[in-house]
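Please read the structure below before turning to the comments.
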Amino acid sequence: MKVLTVNVGVPQDDPWKRKSATGIDKRPVDGPVAVTAPGPKGDGAVGLSGDRVYDLSHHGGTYQAVYAYAREDLDAWAVTMGRALPNGVFGENLTTAGIDITGALIGDRWRVGDTVVLEVTSPRIPCQTFQGWLDRSGWIKEFTRAAVPGAYLRVVTPGEVRADDPIEIVHRPDHDVTIGLSFRAFSGEPELLPKLLVADALPPEDLEQIRRRLGE
């Protein structure tokens, strides 16, 4: 299990959400990249130095500090879409190899390289910018049906990451709530929502939303 590339955003226009810009255009960078906890959502900060988000209401902050997507899943999409998908094209900060991200548990902790520890917090929910960036009609529905969303992570221990860093799972919580299960619960299978309440590493706003939908 390892990081293939570390990807940092190059600002681009965002006509799909009418924001000032988007950071979805992530590109591999050479050398180490500093990883720090960005603090609460709202100012565009994320976990990787040199990166940021522009949709301040929906992206960035503590629980979306880093986004990881597996190269194996990109390869499967490349076949489906009939086009090359370079590392970073889904807006991921870490393109990984050898780790089942859809099967990762909410609350899993990964040691990346020598010092960085990241905690799996939630799945990526697709948006209009993602669809527009890939220029694929119906992409939001297609991505949702596949339920292979990648994972957001928060920074537990800061440090530096670089390409080819090993990934080690150093903690697994005592429940069975995966990225895939939580994505399905949020994206069309609400009967699964009660299962998510045991996953206390979910973002607090997500847990609050679940309890509200369940009438608690």
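Couple of notes before you dig in:
- Candidate set: the range 30-49, residues that are open to solvent by less than 70 Å² (accessible area, probe 1.4 Å) and modelled with pLDDT under 95; chosen: the one farthest from the chain's Cα centre (by Cα): GLY31
- From VAL116, VAL148, VAL156, VAL120, residue being modelled with pLDDT of 95 or more and within 23 Å of ASP25 (Cβ to Cβ): VAL148
- Pairs where the first residue, in the range 122-146, is under 16 Å from GLY88 (Cα atoms) and the second is buried (at least 17 other Cβ atoms within 10 Å of the Cβ) and of a type in the set (Gly, Ala, Ser), C-beta under 8 Å, 6+ apart: ARG124/GLY150; ARG124/ALA151; PHE130/GLY91; TRP133/GLY91
- Filter pass, THR102 being buried (at least 18 other Cβ atoms within 10 Å of the Cβ) and hydroxyl-bearing (Ser, Thr, Tyr): yes
- When the residues of the range 11-25 are filtered to those that are open to solvent by 50 Å² or more (accessible area, probe 1.4 Å) and out of contact with any Cys (no Cβ under 9 Å at 6 or more places or on another chain), the one that is nearest to ARG136 (Cα to Cα) is PRO15.
- Picking from residues in the range 119-133 that are of a type in the set (A, V, I, L, M, F, W, C) and touching a Lys or Arg at 6+ places or on another chain (Cβ under 9 Å), the one that is farthest from PRO204 (Cα to Cα) is PHE130.
- Residues within the range 53-70 that are within 14 Å of VAL35 (Cβ to Cβ) and surrounded by fewer than 20 Cβ atoms within 10 Å (Cβ to Cβ), tallied: 1
- Residues of the range 71-93 satisfying the condition of being at positive phi and surrounded by 17 or more Cβ atoms within 10 Å (Cβ to Cβ): GLY88, GLY91
The values are calculated or read from the model by the stated rules, or taken from the named source; none is laboratory data. What you see is a predicted model; the values in this text were computed from it and never measured. Reconstructed Cβ throughout: ideal geometry from the backbone, glycine too, with neighbour counts over all protein chains shown. Note: areas computed on protein heavy atoms with side chains; ligands, DNA, RNA excluded. Shrake-Rupley method; radii C 1.70, N 1.55, O 1.52, S 1.80 Å.
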